[in-house]
Amino acid sequence: MTQHHRQAQPPQGERLSAGVQLMLRALQHLPPYRWTQARLARWGVRGRTAVVALPYLWLLLFFLIPFVIVLKISFSATQLSMPPYQPLLQWTGEKLTSLRLNINPGNYLYLWQDSLYGRAFVNSIQVAAVSTLITLLIGYPLAYAIARSSTKWRGVLMMMVILPFWTSFLLRVYAWIGILKNNGLLNNFLIWAGVIDEPVVMLQTNFAVYMGIVYSYLPFMVMPLYANLEKMDLTLLEAAKDLGCRPMRAFFNITLPLSMPGVVAGCMLVFIPAVGEFVIPSLLGPPDSLMIGKVLWTEFFNNRDWPVASAVAIALLIFLVVPIVYFQRAQARTAQAGQA
Amino acid sequence: MASSVLESAAIRQPWNDPRAEPYIRIERVTKCFGEFVAVNDVSLNIYRTELFCLLGGSGCGKTTLLRMLAGFEEPSSGKIFIDGIDMSGIPPYERPVNMMFQSYALFPHMTVEQNVGFGLKMEGKAKSEIADRVANMLKLVSMGEFSKRKPHQLSGGQRQRVALARALIKQPKLLLLDEPLGALDKKLRERTQFELVNLQEKLGVTFVVVTHDQEEAMTLASRIGVMDQGRIVQVGTPKEIYEFPISKFVAEFIGSVNLFEGRLIADEPDHVRIACPELDRPVFVAHGISSAPQAKLWVAIRPEKIQLSLKRPAGDENWTRGIVKEIAYLGDLSVFLILLDSGKTLRVTRPNMWRHDDENITWEQEVYLHWHDTSPVVVSA
Ligand SMILES: Nc1ncnc2c1ncn2[C@@H]1O[C@H](COP(=O)(O)OP(=O)(O)OP(=O)(O)O)[C@@H](O)[C@H]1O
Ligand SMILES: [Mg+2]
């Protein structure tokens, strides 16, 4: 009996604190633990395997299963009930053969036929792409300056970039209403400074949407860029200078190509959420703005058309997964080439 | 006739020729990082086509001095002239100098070909010319077949050659090499050392090589500058440095040495006699020295210049007696550690010229040690 216990105890046990060890030992006395461990051991599963399996388990629980559910809904038809869609499998009679499979590709066909969705897609992509580009143009010099500042300052400066996260996202977007509205902070300031005579309409324009997205997502651009630029080997720049390369050219020949993984990561982190962005266009954008996030919201909550909403979500996902996979491949390739 | 012999000696040893114009003139250069003095009042002349080695322990300022030559650091005070031109304020990309970095600093996102051609591309040379010269250069360092590879696909030795090719392609008048062979194993290192010397002779470039490996410095250099704590303590040919070190530090840094503290008891222009408490007889040195009387002195004798015998040597100077405590057989030679009556342990090496030694010296045996009167060197502390 005691022998068995000793075997059952995981080898890491020695390194754990006494309290945890005690708890583990208590756990090991419970039948379910020993039963599970025996079962798992029979399948060749050890503690190490469990650690590796954990992320997969996470993905399964919080990505794959929800995805399958949404996929399932996207292929069913609407009906006035709770939940507001027909089940995929349906018994129409008593017999086994009366099992009916209700696959309804009509939702996707509908997305394709109604130009609203296509325009919303294109518009979202465009808004996201332009905002990503602006974020990159602002974020790159920012990240560069921080990465090249003295070590004493880097932490402080990065902290300042991340600091806005400590207040609520919604609150910050609301604050922009106060800044951009007709008698808001910005207009009042410009009138006071004599730049303009009458308030310029900024709220509920595309400008406000860009402003909001760039502002909200800038840290996501700066962080991967900073991480990349900070670890760059500066002797490479010295080598370039030594070979007759002026600083500006050295930047375009050495720094920029080597920071591409950071650029790609930053752009992905901004572009992907920006495409599906709902809050910023609703609060700051024009009322008739066609963003896919807004369309999704309307289908789901206003029209209660869950299947079409799901189809939109799936289409959006597929549309975004393709470039992610592509870019991740490209990034892996450059990263591999980058390790000297 | 005599003059032509002198002439050729002057070409081979321009540092002994008062008329020769140094290619690099370092004048009283000091470099401080905050309070810390990394390079301290260094003055140095380096001549055309020399292969000059900067040798010294870790942190003694070798890299800093080299970086000032390349233009990555400005001297805190003092001046550097290259080819007669004052280099202060001239950025690295405008100096006629190329550097091979300690870490090689190859551009990871470029192929071998692009790395080597980078300097020419920056000069704005035509594509075809770049391709030709890169191909030639890669052939010179026998890396032709790797031209399409990225640096991470190369071995350490191959990277080192690419770095060398990249630094040489612009045909610089001066090439700076910071620990060029640091990453190579011993065999490859020795081979590359000779390749480097050959290349240097073939191209007629002036090399300044930094190393902390004294054997490497001896193999490569026309002259060696020994550095200690930011200062140049001695400059000379490898032979001069080895045979006539001027200080205890240099003697100990280059090769191994037996040192005895002592004081002068006879000081003549052509010889001196020194009493060392650790030796039971005085040391007779067959050359004069320039030292203040009563100054603390050290007698340095190299291990290979001490002979062992079982018979008592004649005379009353330059020998002593001890007991063999350790014998290490190294193949080409054997190392003996011998304990003197005074408690001092001496290191003696002997070439293994014959398979069977007729004078079979073994552990715990009493032996006599003696040396020629030209062998000891008197050094200051
Ligand atoms: N940028 C710097 N800031 C402050 N101190 C520095 C800087 N660069 C070098 N030092 C200091 O100057 C001293 C000399 O450094 P250097 O790199 O020249 O040594 P080295 O002789 O090349 O040593 P090694 O053989 O280890 O490469 C060291 O003590 C180093 O800490
Ligand atoms: Mg160094």
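The values are calculated or read from the model by the stated rules, or taken from the named source; none is laboratory data. Not measured: the values here are computed from a predicted model. Quick reminder, even Gly has a Cβ in these numbers, built from the backbone with ideal geometry, and neighbours come from all protein chains shown.
Given the residues B:99, B:122, B:87, B:110, which is the only one that is on the phi < 0 side of the Ramachandran plot, in the same structural domain as residue B:41 (by TED's automatic domain parsing) and within 16 Å of ligand 2 (Cβ to nearest atom)?
B:99
Limited to the range B:126-137, what total is found for residues that are surrounded by fewer than 15 Cβ atoms within 10 Å (Cβ to Cβ) and within 14 Å of chain A (Cβ to nearest Cβ)?
Looking only at that region, the number is 0.
Is it true that some residue in the range A:216-225 is out of contact with any strand residue (DSSP E or B) (no Cβ under 7 Å at 6 or more places or on another chain), closer than 24 Å to residue A:162 by Cα and surrounded by fewer than 19 Cβ atoms within 10 Å (Cβ to Cβ)?
No, there is no match, as no residue in the range A:216-225 is out of contact with any strand residue (DSSP E or B) (no Cβ under 7 Å at 6 or more places or on another chain), closer than 24 Å to residue A:162 by Cα and surrounded by fewer than 19 Cβ atoms within 10 Å (Cβ to Cβ).
Quick check: anything in the range B:195-203 away from every other protein chain (no Cβ under 14 Å), buried (at least 19 other Cβ atoms within 10 Å of the Cβ) and either of a type in the set (Phe, Trp, Tyr) or over 20 Å from residue A:238 (Cβ atoms) (or both)?
We begin by selecting, within the range B:195-203, every residue away from every other protein chain (no Cβ under 14 Å); these are B:195-203.
Now narrow it down to the ones that are buried (at least 19 other Cβ atoms within 10 Å of the Cβ): B:196, B:200.
Subset that is either of a type in the set (Phe, Trp, Tyr) or over 20 Å from residue A:238 (Cβ atoms) (or both): B:196, B:200.
Checked the range B:195-203: at least one residue is away from every other protein chain (no Cβ under 14 Å), buried (at least 19 other Cβ atoms within 10 Å of the Cβ) and either of a type in the set (Phe, Trp, Tyr) or over 20 Å from residue A:238 (Cβ atoms) (or both).
What are the residues in the range B:171-192 that are buried (at least 21 other Cβ atoms within 10 Å of the Cβ) and either more than 16 Å from ligand 1 (Cβ to nearest atom) or of a type in the set (Ser, Thr, Tyr) (or both), if any?
Within the range B:171-192, B:174, B:175 meet the criteria.
Sort out which residues of the range A:250-266 are farther than 19 Å from residue B:96 by Cα and either within 11 Å of chain B (Cβ to nearest Cβ) or buried (at least 23 other Cβ atoms within 10 Å of the Cβ) (or both), and write them in order of number.
Listed by number, the residues that qualify are A:253, A:254, A:255, A:256, A:257, A:258, A:259, A:260, A:261, A:262, A:266.
Quick grid of which residues meet (1) at pLDDT below 85; (2) surrounded by fewer than 15 Cβ atoms within 10 Å (Cβ to Cβ):
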position: A:295; (1), (2): no, no
position: A:302; (1), (2): no, yes
position: A:307; (1), (2): no, no
position: A:331; (1), (2): yes, no
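Within the range B:101-112, work out how many residues are buried (at least 22 other Cβ atoms within 10 Å of the Cβ) and more than 9 Å from chain A (Cβ to nearest Cβ).
The qualifying residues number 1.
Condition (residue is assigned to a helix (DSSP H, G or I), surrounded by 20 or more Cβ atoms within 10 Å (Cβ to Cβ), out of contact with any strand residue (DSSP E or B) (no Cβ under 8 Å at 6 or more places or on another chain) and hydrophobic (A, V, I, L, M, F, W, C)) applied to the range A:148-157: is it met by at least one residue?
no
Just one of A:275, A:279, A:270 is of a type in the set (Val, Ile, Thr) and surrounded by fewer than 18 Cβ atoms within 10 Å (Cβ to Cβ); which is it?
Values: A:275 fails: surrounded by fewer than 18 Cβ atoms within 10 Å (Cβ to Cβ); A:270 fails: surrounded by fewer than 18 Cβ atoms within 10 Å (Cβ to Cβ).
Only one candidate qualifies: A:279.
Please state which of the following conditions residue B:4 fails to meet, knowing it meets all the rest: (1) within 21 Å of the chain's Cα centre (by Cα); (2) modelled with pLDDT under 90.
Residue B:4 satisfies every listed condition except (1).
When you look at residue B:378, is it more than 25 Å from the chain's Cα centre (by Cα) and among the β-branched types (Val, Ile, Thr), yes or no? Steps first, answer last, please.
Details: more than 25 Å from the chain's Cα centre (by Cα): no; among the β-branched types (Val, Ile, Thr): yes.
So residue B:378 fails the test.
Among the residues in the range B:252-264, are any touching a Cys at 6+ places or on another chain (Cβ under 6 Å), more than 14 Å from chain A (Cβ to nearest Cβ) and within 16 Å of ligand 2 (Cβ to nearest atom)?
no
State the number of residues belonging to the range B:138-170 that are over 23 Å from residue B:213 (Cα atoms), surrounded by fewer than 17 Cβ atoms within 10 Å (Cβ to Cβ) and within 12 Å of chain A (Cβ to nearest Cβ).
3
List the number of the failed condition for residue B:82; all other conditions in (1) more than 10 Å from chain A (Cβ to nearest Cβ); (2) surrounded by fewer than 22 Cβ atoms within 10 Å (Cβ to Cβ) hold.
Exception for residue B:82: condition (2).
Please work out which one of (1) closer than 19 Å to residue A:243 by Cα; (2) more than 16 Å from ligand 1 (Cβ to nearest atom) is the condition residue B:154 fails and give its number.
(1)
Note down all Cβ pairs under 7 Å where the first residue falls in the range B:52-74 and is within 14 Å of another protein chain (Cβ to nearest Cβ), the second is near ligand 2 (Cβ under 8 Å from one of its atoms) and of a type in the set (A, V, I, L, M, F, W, C), and they're at least six residues apart or on different chains.
These pairs meet every condition: B:63/B:210; B:66/B:210.
Pull up the range B:165-196, narrow it to residues that are touching a strand residue (DSSP E or B) at 6+ places or on another chain (Cβ under 7 Å) and more than 16 Å from ligand 2 (Cβ to nearest atom), then point me to the one that is nearest to residue B:58 (Cα to Cα).
Of everything passing the filter in the range B:165-196, B:175 is nearest to residue B:58 (Cα to Cα).
Inspect all residues belonging to the range B:69-77 and state whether any of them is surrounded by 23 or more Cβ atoms within 10 Å (Cβ to Cβ), within 16 Å of ligand 2 (Cβ to nearest atom) and part of a loop (DSSP other than H, G, I, E, B).
Within the range B:69-77 (the criterion being surrounded by 23 or more Cβ atoms within 10 Å (Cβ to Cβ), within 16 Å of ligand 2 (Cβ to nearest atom) and part of a loop (DSSP other than H, G, I, E, B)), the answer is no, since none of the residues qualifies.
Of the residues B:359, B:366, B:326, only one is assigned by TED's automatic domain parsing to the domain that holds residue B:271, of a type in the set (D, E, K, R) and closer than 18 Å to residue B:279 by Cα; which?
Going through B:359, B:366, B:326 in turn, the sole match is B:366.
Within the range A:171-179, is there a residue that is closer than 20 Å to residue A:270 by Cα, among the aliphatic types (A, V, I, L, M) and outside any loop (DSSP other than H, G, I, E, B)?
yes
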